[in-house]
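Take a look at the structure set out below.
Readers should treat all values here as calculations from the given coordinates under stated rules, not as data from a laboratory. Please read all numbers here as calculations on a predicted model, not as lab measurements. Neighbour counts run over all protein chains shown; Cβ positions are idealised from the backbone, glycine included.
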Amino acid sequence: MPENKLKVLVVDDDLILRELATDLLSDLYEVQQAEDGQVALEKALDWRPDLVVTDLMMPRMHGYELCERLKGPGGVPGVKVLVASSKLFPADIAQAKKAGADAYITKPYNVADLQAKVADLLAGRGPGAAGEAAPVPEAQPAEAAPAPFPSAPAAASEDALPVHVRFWGTRGSIPMSGPGMERHGGNTACVEVRAGDLVIVLDCGTGLRGLGLALAKEFKGRPLAGHIFVGHTHWDHIQGFPFFVPLYNPANSFSIYSVHGAHGSLSNVFRGTMSEDYFPVPLSGLAAKLDFVEMSGPVSAGGARVSFAHLNHPGVCIGFRIEVRGRVVCYLSDHENFYKLAGDNELARRQDGEITEFVRGCDLLIREAQYTEEEYPSHKGWGHSTLDDAVRDAAASGVKRLAITHHDPDHTDDFLDAQLERCRALSGGKFHCFAAKDGLRVDL
């Protein structure tokens, strides 16, 4: 390899796009590849590329964190970063640049656009322009890359504990109350998954308060060790956290799971929302023991296996697949189908197909579907699904039950009931389709 070639590291968990970018750039640059952010960081610290071309939605370490690590202390001095992502939301472009990206290109890109972006970023740079090597941070233990999709669960044993799901908050965007909201409820996102004393909580909207009161009564006199999984940290998914009564009991402990934030650690996000400007009790004032876990792959939570997949929503947003005692519950909130936002192209279909496979065959799919097809055009790019999308995707995934949730604040009980009839007709009887309601329990 000629010594005067600049170095480009291509990072993408999509093998087809990784190979394509490599082919497009290898005539002019020395190119290496990495299949996720963790591998990319290790390779960049050793190889010292002049430019990193990276995706955003990747396992183990997403592109926002990779940007921060490359540009921060102990990173690669002078390195340029080009984000190539199918996320078209303005918020993601702004967040990527705040994290350290020098430029942003949307997928699917054409040959000329990619080559021009790379040439612009590397203009005027010669061999060694990346600068002197910075101190390499202490190496982290190597992790095995997770399988693309979780394995199917084993059949439930005869003595397996029953598993049930209870909805505590099913409204999207903002809590609602008043006439027309009584049957489905008005609390924002919160779901409880139970297998005996194993408590798994999905999202921390205002519904978390009611769950907390119920758990405090149930576990009175006994310590509670719970597991809270947060899909993303927009207000309607975390605003109930400070009002969760079990957090104020020193006998309790909670592990709080998500991925690294777009602008910092998971714990700092929660610390910020409970700063004195917003709430009278700081995070440090909570009596329960808290452990913030930034997921880089599947985790074990009290015997349950929980894996995640990146969703198409402004900012960092993930969905969960929970395998516990021979049952599988999947939770997708919030998500806008890639083909709906970007147009019907091969890449969008492939990405939508990955979500289909992620929830394949689950016993219960809890899926955000905030809009009707008629409402969608005026809300395109907001990061939400339509009811029809949820039903069609559930049918393609072979799920047993579909719970539609994250109801729009303007959708009344009568409106939702009418839409549910449409959804059931669209499902063709392939699975049980119902609307999630605050307080509803589903036994699996």
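Taking amide hydrogens as placed 1.01 Å from N in the peptide plane, the amide H of ILE256 sits under 5 Å from those of ILE228, ASP291, PHE292, VAL293, each at least 5 positions away in sequence or on another chain. Amide H contacts of CYS317 (H built 1.01 Å from N, in plane; Pro and chain starts excluded): LEU311 sit under 5 Å, all sequence-distant by 5 or more or on other chains. With kT/(6 pi eta Rh) evaluated at 25 °C and eta = 0.890 mPa s, and Rh the Kirkwood radius from Cα pairs, the stretch 7-122 diffuses with a coefficient of 180 µm²/s according to Stokes-Einstein. Calculated on the Cα set of the stretch 209-314, radius of gyration then Dmax: 14.1, 42 Å. Would you mind classifying the stretch 291-356 by shape? Square roots of the alpha carbon gyration tensor eigenvalues, ordered a ≥ b ≥ c; an a/c under 1.5 is rounded, otherwise it is prolate if a/b is larger than b/c and oblate if not. Prolate.
Sites listed here are trypsin sites (Lys or Arg not before Pro) in the stretch 200-254 whose DSSP assignment is loop and whose Cβ has at most 14 other Cβ atoms within 10 Å: LYS220. Of the residues PHE244, PHE279, PHE358, which exhibits the maximal mean-square fluctuation in a Gaussian network model of the chain defined by a 10 Å Cα contact cut-off? Result for the chain, Cα springs under 10 Å: PHE279 fluctuates most. Can you tell me the 0 to 90 degree angle between the C-alpha axis of helix 37-47 and the longest principal axis of the chain, rounded to 10? Roughly 20 degrees, rounded to the nearest 10. Calculate the FRET efficiency for SER253 and GLU294 from the Cβ-Cβ distance with a Förster distance of 22 Å, rounded to the nearest 0.05. Rounded to the nearest 0.05, the efficiency is 0.80. Loop-located GluC sites (Glu not before Pro) in the stretch 1-110 (DSSP state other than H, G, I, E, B) with a sparse environment of at most 15 neighbouring Cβ atoms within 10 Å: GLU3. In this structure the amide hydrogen of VAL163, modeled in the peptide plane, comes within under 5 Å of the amide hydrogens of LEU444, none closer than 5 places in sequence on its chain. Here the Karplus curve 6.51 cos²θ - 1.76 cosθ + 1.60, taken at θ = phi - 60°, turns the phi angles of the stretch 348-356 into couplings of 4, 5, 5, 5, 4, x, 5, 5, 4 Hz, with x standing for Gly and Pro. Where in the stretch 169-206 are there trypsin sites (Lys or Arg not before Pro) that are in a DSSP coil and have at most 14 other Cβ atoms within 10 angstrom of their Cβ? Hits after loop and neighbour filter: ARG183.
Taking a point 7 Å out from the Cα of LEU420 in the direction of its Cβ, the residues of the stretch 168-187 whose backbone N falls within less than 19 Å of it are 168-172, 176-187.
Residue by residue, the stretch 235-252 carries 3J(HN,Hα) couplings of 3, 5, 10, 9, 5, x, 4, x, 9, 8, 3, x, 5, 9, 9, x, 7, 8 Hz when phi is fed to the Karplus relation 6.51 cos²θ - 1.76 cosθ + 1.60 (θ = phi - 60°); x denotes Gly or Pro. Cross-link check: pairs LYS98/LYS289; LYS289/LYS437; LYS5/LYS80; LYS107/LYS400; LYS340/LYS437; LYS80/LYS340 evaluated at a Cα-Cα cut-off of 24 Å; pairs beyond the cut-off: LYS98/LYS289; LYS289/LYS437; LYS107/LYS400; LYS340/LYS437; LYS80/LYS340.
A simple packing score, the average count of other Cβ atoms within 10 Å per residue, orders the peptides 312-319, 184-191, 280-287 as 184-191, 312-319, 280-287, with the highest score first. With contacts taken as Cα pairs under 8 Å and at least 6 residues apart, the chain reaches a relative contact order of 14 percent.
One quarter of the convex hull surface built on the alpha carbon atoms of the chain amounts to 22.7 nm², the projected area averaged over directions. Placing R0 at 22 angstrom, the Cβ-Cβ distance between THR106 and HIS263 gives a FRET efficiency of 0.55 after rounding to 0.05. Taking a ≥ b ≥ c as the square roots of the eigenvalues of the alpha carbon gyration tensor, the stretch 353-444 is oblate, as a/c is not under 1.5 and a/b does not beat b/c. Here ARG350 and LYS217 are evaluated by their C-beta separation; at R0 = 51 Å the FRET efficiency comes out at 0.60.
Computed from label points 7 Å out along Cα-Cβ, the spacing between ALA91 and ASP197 is 3.9 nm. Distance between the 7 Å Cα→Cβ label points at TRP47 and THR372: 5.2 nm. Adding -39500 (n - 2.57) for every DSSP H run of four residues or longer, then dividing by how many residues the chain holds, sets the calculated 222 nm ellipticity at -8000 deg cm²/dmol.
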